[in-house]
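Below: one structure, written as structure tokens.
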DNA sequence: CTGAAAGCGCTAACAA
DNA sequence: TTGTTAGCGCTTTCAG
């Protein structure tokens, strides 16, 4: 029987099944993008993907166990009809994963009223929906403290992310908090980037241009892409990193480990972020009455040469892995 | 009226719509992976994504115009029940995009009989379905010719891709073809990698280990990830690139431009690949009787320092852009 | 245990 | 024009 069916190549129609069982076995993943279309070989948009990919992978890995499917949409944050796209998307899925909370809280709440919604890497203040995010604050705090305490960098420049990005906000708050704890250190300047390599390059150029009176001791970037842009421009200008100036990122995307000097950054467990968020969504679909919850994942401080560290080729080591601490310190990963 | 509907937050049910209008407005994207689960910080799987992302982006860009949605699945090529996953997926979509033809041709044909299927970056010999791919042959041929003619590299080592990867096969054939045209050059060795950074590292190590009698003049890698692995290991071993040995990749993924020396490679228009494949799929869905067709996209030779070139910071220039030639030559892109 | 029938929520064709 | 109704292809329930 089974054999005959297979032979005929029969596959049940998905919409009919969904309609009948009142479940689609599909979840939607919405990626918000802070992008301006900027044509270039490897453009802004490409790079912003680097951040999402691993999350997507985590989600997919969780989903495949249950034979569910994943619907992906990239939302351009400015455009008007994006909201209607989200609406029609919500009719095709059993639940929604929304990455990067550029969605106003009020919208989130509206969607959450209609179907299960989990925010990924969104604003931890968000109370309307479940949230799964990395612990940006303690990660950023550990990074900045490291710069000040270990490398004695006092004059810090902050390359911030878009105002609408909750992650950037968390990191900014942590930076400010650490500065209040270190009266000897100070913020000598800051500017706002778009999370892209290009905006990092622009920031570095203007820093070099109007930086008469000397460069800061360190540039703290809200993410790795921008730090890469900064590193590239500084390198070309003959500014030595970390001797003349330290540079740090956030996220720990792969290319950061290839640069010379390697990029000191904070590792976000992105794949795990996807897995946890997806698991939570499936839970909520199964049981819609679950109370909203915030899940915060531990980050790792990744010390490479760009902050002034020089461990050479160390075994990847996690200190204080278990227990309370949310920040663990790892040295340069040996790729041998 | 419209306002009232919006106020109530009504969104039509997707499955009911699909069932009624007999169209789902969803296409499926299947990514085949040549992976072995290898846990590491940025593992094999992560890297293989780098290749797909831009394709996904291209597809999504085409889709958003028509308000269709994208269902993504990553298929692990070994596993048994992956085929049944593909089956059930096909019940949820109007058409399928299959990246990387690790799917046996017979399967493709079976699926194509049930619904529109487009192969992306698959085997150009495939006659059962539409195919959209980069012109791997002329790209690889241009690259190898460049190594031999311009840089006088005679003893070539080939780091091949998985036997099941059609792209790798095309590149291999091109390499062999160029060698027959250059009797003075020879293939001094080759090995098979898995398209991952790690397999590139492994290959480089064994090359260093049993390379008694001298290294080859150049290592031609079937893709960028493996070339990156090779570059990393050689660098650590103190082998100078390109002075002691040249290294080349294929694909032109972003990290390759960050390395020192920059990676000479062949640029695949991956985003365009996605767009064209998607456009073709939508055409075929609208008109199922279209005859199968192969669409081959032009590639660019990207010359950076790892092959021996040294243009410094040049403006990106395309020579012979229009017309017949499928390979255009560009110099190192200036990121200023 | 097998087989018929009643929806699932919408669209499209048809009637009024 | 607007209102009604018959499916779309399944699952599930209920009768036989």
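The values are calculated or read from the model by the stated rules, or taken from the named source; none is laboratory data. In this text the structure is predicted, and so the values were computed from the model without any measurement. Every residue, glycine among them, receives a Cβ derived from its backbone with ideal geometry; neighbour counts consider all protein chains shown.
Some points to look at:
- Some residue of the range B:68-79 being in a strand (DSSP E or B) and touching a residue at least 60 places away in the same chain (Cβ under 8 Å): no
- Within the option set A:261, A:163, being within 14 Å of chain B (Cβ to nearest Cβ), surrounded by fewer than 21 Cβ atoms within 10 Å (Cβ to Cβ), under 25 Å from the mean Cα position of the chain (by Cα) and more than 19 Å from residue A:52 (Cβ to Cβ) holds for one residue only, A:261.
- Residue that is surrounded by the fewest Cβ atoms within 10 Å (Cβ to Cβ) [pool: residues in the range B:86-105 that are free of Cβ contacts under 8 Å to residues at least 40 places away in the same chain and in a loop (DSSP other than H, G, I, E, B)]: B:104
- Test: residue in the range A:19-32 that is at pLDDT below 85 and buried (at least 21 other Cβ atoms within 10 Å of the Cβ): yes
- Taking the criterion of being within 13 Å of chain B (Cβ to nearest Cβ) and out of contact with any strand residue (DSSP E or B) (no Cβ under 9 Å at 6 or more places or on another chain), the residues of the range A:210-237 that qualify are A:232, A:233, A:235, A:236, A:237.
- Extreme residue, modelled with the lowest pLDDT, among residues of the range B:41-54 that are more than 8 Å from chain A (Cβ to nearest Cβ) and more than 21 Å from residue B:70 (Cα to Cα): B:44
- Condition check for residue B:227: farther than 30 Å from residue A:198 by Cβ and assigned by TED's automatic domain parsing to the domain that holds residue B:158: no
- Criterion violated by residue B:57 - all others in (1) within 9 Å of chain A (Cβ to nearest Cβ); (2) buried (at least 21 other Cβ atoms within 10 Å of the Cβ); (3) modelled with pLDDT under 90 satisfied: (2)
- When residue A:66 is tested against (1) surrounded by fewer than 22 Cβ atoms within 10 Å (Cβ to Cβ); (2) at the interface with chain B (Cβ under 10 Å from one of its Cβ atoms); (3) at pLDDT 90 or above, exactly one condition is not met: (2).
- For the range B:232-257, a residue qualifies if it is over 19 Å from the mean Cα position of the chain (by Cα) and farther than 17 Å from residue B:147 by Cα, and the qualifying residues are B:232, B:233, B:234, B:235, B:236, B:237, B:238, B:239.
- For the residues B:335, B:322, B:318, the requirement of being outside the structural domain of residue B:223 (by TED's automatic domain parsing), assigned to a loop (DSSP other than H, G, I, E, B) and at pLDDT below 90 singles out B:335.
- Residue in the range A:81-91 that is farther than 29 Å from residue B:17 by Cβ, modelled with pLDDT under 85 and not assigned by TED's automatic domain parsing to the domain that holds residue A:226 present: no
- Subset of the range A:129-156 (residues that are over 19 Å from residue A:301 (Cα atoms) and within 21 Å of the chain's Cα centre (by Cα)): A:129, A:130, A:131, A:132
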